[in-house]
Amino acid sequence: MKRIFKYLLGLFVVLVVGYSCSEPNYTMGDLTAPTNIVINAEIVGATTASPTGDGSGDVKITITAENALAYKVDYDANTALDLVYLSTGSVTKKYTNLGTNTYRITAVVYGKGGTSSTLTKDVTVRSDFNVASSIVTNLTGGTSRTWVVDKSVAGHFGVGPWSNSSAGPEWWAASVNEKVACCNCFYTAAFTFTKLAAGGYTLKVASPDGVFTKTGSLTTLPGIPGSGDEGCYSYAGGTAAFSFAPSSTGIPASAPSTKTAILLAGNTTYIGYGALQKEYEIMVITSTYLYLRVQGTETGNAWYIKMKPL
């Protein structure tokens with residue numbers, strides 16, 4: 001019996017040793033980070049006489065590097081970090097802040113094994129924009145006009161993909177009075193757009209029942225809790241300047257879209273929904289109807305809001 005046990009034990013040792021000897025060896029490989037990063041920023045329409053461009057605000061950005069597998073870019077260091085994936089390392093960015101402004105572009109280039117390298121570049125570009133007088137008149141009534149979300153119509157709130165090929169709430173649209181039970185603040189908030197006699201525009205937000213949004217960490221409004229579901233959150237209201245700008249999306253005017261956006265200043269105001277972004281694209285506007293599109297609190301989502309004058 002002992003002889004059999006020793007034989008079996010010896011055979012087991014041989015098998016284990018043989019298996020361990022035949023096991024393949026693995027190596028990490030080369031993890032060299034990308035090098036020689038170059039950011040080329042071509043300002044559209046730039047000349048010796050007009051180095052900041054033709055007023056379109058367009059800049060053709062190309063990022064190159066050695067040992068590069070993927071590219072991400074942040075277009076403006078003055079705003080919250082927002083790294084956008086570039087499939088080819090090239091993109092045309094439209095800067096919409098009116099006048100001549102300097103933006104710091106940050107490129108992050110990724111290599112093997114998650115290695116990365118970063119480079120920044122400043123670009124100074126001019127954006128000129130003359131808003132159609134009919135848009136100003138319809139929004140402000142010539143002096144001042146107050147708008148509210150129109151709960152009486154279907155689709156007064158909806159969501160679809162944040163894409164240049166989509167211009168509607170493809171994924172979901174609210175029914176009449178849908179948010180009354182859970183979030184009536186959505187309907188009681190009022191938004192007053194004023195054209196100042198001295199020039200410029202202001203937006204006054206009155207939200208007696210709070211702001212309708214989805215968690216404070218996904219909005220820029222002050223005083224909102226850092227976590228929570230979609231609902232009404234305490235908000236004291238606010239007044240701040242706004243401007244008109246060419247919409248930064250690529251949606252064609254036939255979408256329909258006016259290709260004009262309301263660009264809010266600061267972080268104390270919003271329109272309808274407390275979104276992360278401050279650019280509300282005007283899809284349609286008349287004296288009795290305002291249809292807006294804004295990037296929502298989830299990346300990749302576009303929110304649509306229908307409003308009526310109070």
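The values are calculated or read from the model by the stated rules, or taken from the named source; none is laboratory data. Please read all numbers here as calculations on a predicted model, not as lab measurements. We place every Cβ from the backbone using ideal geometry, glycine too, and count neighbours over all the protein chains shown.
The table that follows gives values for the structure above.
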| quantity | calculated |
| --- | --- |
| Some residue of the range 163-184 being within 20 Å of LEU264 (Cβ to Cβ), touching a residue at least 24 places away in the same chain (Cβ under 8 Å) and in the same structural domain as ILE262 (by TED's automatic domain parsing) | no |
| Residue satisfying all of: in the range 171-190; of a type in the set (Gly, Ala, Ser) and surrounded by 19 or more Cβ atoms within 10 Å (Cβ to Cβ); farthest from LEU276 (Cα to Cα) among these | ALA174 |
| Where ILE43 falls short, out of the listed (1) farther than 29 Å from THR118 by Cα; (2) at pLDDT 95 or above; (3) among the hydrophobic types (A, V, I, L, M, F, W, C) | (1) |
| Of the criteria (1) buried (at least 20 other Cβ atoms within 10 Å of the Cβ); (2) in contact with a Cys (Cβ under 8 Å, 6 or more places away or on another chain); (3) not hydroxyl-bearing (Ser, Thr, Tyr), which one LEU203 fails | (2) |
| Single condition ALA70 does not satisfy, out of (1) more than 30 Å from ALA173 (Cα to Cα); (2) among the hydrophobic types (A, V, I, L, M, F, W, C); (3) modelled with pLDDT of 95 or more | (3) |
| Among the candidates PHE157, PHE193, residue that is surrounded by 18 or more Cβ atoms within 10 Å (Cβ to Cβ), closer than 24 Å to LYS308 by Cβ and touching a helix residue (DSSP H, G or I) at 6+ places or on another chain (Cβ under 7 Å) | PHE193 |
| Whichever residue in the range 89-136 is among the aromatic types (Phe, Trp, Tyr) and more than 20 Å from THR35 (Cα to Cα) and, among such residues, is nearest to the chain's Cα centre (by Cα) | TYR95 |
| Residue identified as buried (at least 17 other Cβ atoms within 10 Å of the Cβ), charged (D, E, K, R) and in contact with a Leu (Cβ under 9 Å, 6 or more places away or on another chain) among LYS93, LYS72 | LYS72 |
